[in-house]
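Just so it is clear, none of the values below were taken in a lab; they were calculated from the coordinates. A quick note: this is a predicted structure, and the numbers were derived from the prediction, not measured. Cβ: placed from backbone, ideal geometry, glycine included. Neighbour counts: every protein chain shown.
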Amino acid sequence: MKLYSTRNLNDSVSSPIAIIKGLSNDGGLYFPKLNDIENKKIDIESIKNLSYKKIALKILSIFFDEFSVEELEDCIESAYNSKNFKSYDEIIAPVTKIGDDYLLELFNGPTSAFKDMALTILPHLLTKSYMKCELNKKIHILTATSGDTGMAALSGFMNVPNTSITVFYPTDGVSQIQKLQMKTAEGDNVDVVALNGNFDDCQKLVKNIYADENIRHICDSKNIVLSSANSINIGRLIPQVVYYVTSYIALLNQNKIKIGDLVNFVVPTGNFGDILAGYIAKLLGLPIDKLICASNDNNVLTEFINTGTYNKNRVFYKTISPSMDILVSSNLERLLFILSNDDDKTIVQYMNELNTTGEYTISSDILDKIKKDFFADYSNESECKESIKIAFEKDKRLIDPHTAIAYSVLNKFKRKNNSSAVANIILSTASPYKFPRAVLSAIKGDINNNIDDFHCLNELYSVTNVSIPTNLSILKNKKIRFETILNYDECKDYLVNKLVSC
Ligand SMILES: *Cc1c(COP(=O)(O)O)cnc(C)c1O
């Protein structure tokens, strides 16, 4: 499908090029035109007996039609297999009960985080894209991470031919468990560096490396291209449409709904990628009533969806749901592109205002459309902890802090709307064992600050008896492979040495 820069309709590319490039030259994001999506409605009846992999093939074939069926099948098989998603052979994203509502479990992948849903397949889409474009190059991925993305990327690219990856994380900016996950990462083509600095320093470093003449020169001579596994890549977005469709089908097959019944999805939102995938599912004809956008104290999206003003000039809070601690939600640009009927000039205007003044206000026409399909609210830290406790005690479900934000916002939604006839599906984005300290203290009350994350993890198990994902339970006994700690100024030389020895 032809993809356009959200900031310039004259810049249009095929999907393999968009996957290779990530961003367009003008800083826009690649996306199809509204009509092109709406012309591809899916017929639920005809796919209701298909597996996750088969439905993935249907959806990916719509957007990535420059790939052959065999190529897409290869990518899908490499990602959604029983090695990556062990405990739920062939189901991949199970739908389970929580009270009167449902949990769509997106955390059963290799690193127990929702990022796995896209980062297991992206490396394969990326290498296939290079082959199709006859660019016979080796791909080196650079990733700056504040936690989950780094590990999911390391796992996704592990031993993928013709690729290698370096991840930079802030030494003191990730949890003990996240750190150990990365230090023990497997694969001959992966590398991990701890940076003396914060997450912003890591991001600045990666940007600087891309812009560095000397490094570009070395890459050219070694036939290497630098790339990122960034969350704005269309190759990460489209695979996320799949589980919206399969969860609807799961409820059909459990006789909880009939074909055509509307459902709500509740999405713990950060960069707006996950919930945007839900909106794409709706454009394809999936019967969705509301997409409920749940935020934490960083509630810039709540304000935007309720008032039409996006204002990033605000206090930044570090919360116990860190993957949602975001002030600029990049994928929102794609929603505005669709809702303005592909009006690139309007998008340029909004994004310029965001860059210069830190805020913009959308037209009332676009705001009305947003309000028709979205509901937004947020929950604070104590509401989040309270929700973890209630879900455990009342519903007998152990949920992580991100999922708890969604759970809490769903209850606010229910109090404001009497729509009990509609099934509510909460997207559950991480294993509670990835955040054992926050979850344990929510259930038990205050815990001793001196005990480490692994004690919290084990105690959480003894209190709840919910099984620990294998990738986390074996962590403590895994071999440490990466202990490099560098200052900002040392990183470029370090990378140059790496690239030269490639
Ligand atoms: C990334 C992430 C989110 C937010 O998803 P977006 O696509 O950025 O909105 C929510 N929960 C967890 C656990 C995540 O890792």
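I want to make sure I understand the PRE zone here: with the label point 7 angstrom from the Cα of Ser221 toward its beta carbon, which residues in the range 148-174 have backbone N atoms less than 20 Å away?
Residues passing the 20 Å test: none.
Could you give me D for the range 302-435, from Stokes-Einstein at 10 °C and 1.306 mPa s, where the hydrodynamic radius is the Kirkwood radius over C-alpha pairs? Units µm² s⁻¹, please.
Here the translational diffusion coefficient equals 95 µm²/s.
Could you tell me the relative contact order of the range 94-173? Use alpha-carbon pairs under 8 Å, at least six residues apart, and round to a whole percent.
In percent, rounded to a whole number, it is 28.
State, as an integer percentage, the relative contact order of the chain based on alpha-carbon contacts under 8 Å between residues 6 or more apart.
Relative contact order comes out at 18 percent.
Please figure out what share of the DSSP beta bridges in the range 69-200 is antiparallel and state it in percent, rounded to the nearest 5.
Taking every DSSP beta bridge with both residues in the range 69-200, the antiparallel ones total about 25 percent.
If I stretch the segment between Lys371 and His455 completely, what's the gain in nm (0.36 nm per residue apart, minus their alpha carbon distance), one decimal?
Going from the current span to full extension adds 25.8 nm.
Whole angstrom only: what separates the Cα centroid of the range 429-444 from the Cα centroid of the range 238-295?
26
Output needed for the chain: three equivalent-ellipsoid semi-axes, defined as square roots of 5 times the C-alpha gyration tensor eigenvalues, in descending order, whole Å.
Output for the chain: semi-axes of 31, 29, 23 Å.
If you take the beta carbon distance between Lys41 and Asn253 as r and set R0 to 25 Å, what does 1/(1 + (r/R0)^6) give as a FRET efficiency, to the nearest 0.05?
Using R0 = 25 Å, I get an efficiency of 0.75.
Along Cα→Cβ, 7 Å out, is where each label goes; now give me the distance between the ones at Glu134 and Asn341 in nm to one decimal.
My value for the distance between the label points is 4.1 nm.
List the lysines whose Cα sits under 17 Å from the Cα of Lys396, skipping any in the same chain fewer than 8 residues away.
Lys97, Lys385, Lys444
So how far apart, in nm, are the two label points at Ser82 and Lys207 if each is 7 Å from Cα heading toward Cβ?
A separation of 4.6 nm, rounded to one decimal place.
Quick one: check the C-alpha center-to-center distance for the range 53-103 versus the range 164-234, whole angstrom.
For the range 53-103 versus the range 164-234, the Cα centre distance is 28 Å.
Can you work out the Karplus-derived ³J(HN,Hα) for every residue in the range 24-29? Use 6.51 cos²θ - 1.76 cosθ + 1.60 with θ = phi - 60°, whole Hz, and x for glycine or proline.
Result, ordered by residue: 7, 4, 8, x, x, 10 Hz.
Counting DSSP beta bridges in the chain, what percent are antiparallel, to the nearest 5?
About 30 percent, rounded to the nearest 5.
Going by how many other Cβ atoms sit within 10 Å of their own, how do Ser340, Ser462, Ser5 line up, fewest first?
Ser462, Ser340, Ser5
Got a sec? Charge dipole of the range 294-405, +1 on Cβ for Lys and Arg, -1 for Asp and Glu; which of Asn331, Asn296, Ile362 is way out at the positive end?
Among Asn331, Asn296, Ile362, the one farthest towards the positive end of the dipole of the range 294-405 is Asn296.
Report Rg(Cα)/(2.2 N^0.38 Å) for the range 301-379, keeping two decimals.
1.11
Cα-Cα over 31 Å: which of Lys2/Lys434; Lys83/Lys476; Lys258/Lys372; Lys204/Lys371?
Over 31 Å apart, Cα to Cα: Lys2/Lys434; Lys204/Lys371.
Under unit Cβ charges (Lys, Arg +1; Asp, Glu -1), what dipole magnitude, rounded to 20 debye, does the chain have relative to its Cα centre?
Its charge dipole is roughly 760 debye.
How high is the FRET efficiency between Thr96 and Ile480 when r is their beta carbon distance and R₀ equals 45 Å, given to the nearest 0.05?
With R0 = 45 Å, the Cβ-Cβ based efficiency is 0.80.
Could you calculate the FRET efficiency of Phe316 with Arg415 from 1/(1 + (r/R0)^6), where r is the beta carbon distance between them and R0 is 41 Å, rounded to 0.05?
My answer for the efficiency is 0.90.
Using only the alpha-carbon atoms, what does the range 357-466 span along each of its principal axes? Please give whole angstrom values in decreasing order.
Largest to smallest, the principal-axis extents are 53, 43, 19 Å.
I need the peptides 430-440, 473-483, 394-404, 180-190 ranked by packing, meaning the mean over residues of other C-beta atoms within 10 angstrom, with the highest value on top.
In decreasing order of mean packing, 430-440, 473-483, 394-404, 180-190 become 430-440, 394-404, 180-190, 473-483.
Compute, for the range 49-155, the length of the dipole vector about the Cα centre, with Cβ point charges of +1 (Lys, Arg) and -1 (Asp, Glu) only. Units Debye, rounded to 20.
For the range 49-155, the charge dipole is close to 280 debye.
Among Ile76, Leu154, Gly22, which residue has its Cα positioned farthest towards the positive end of the charge dipole of the chain, with +1 placed on the Cβ of Lys and Arg, -1 on the Cβ of Asp and Glu, and the dipole taken about the Cα centre?
Of Ile76, Leu154, Gly22, it is Ile76.
Hey, fewest Cβ within 10 Å first, where do Val409, Val225 land in order?
Val225, Val409
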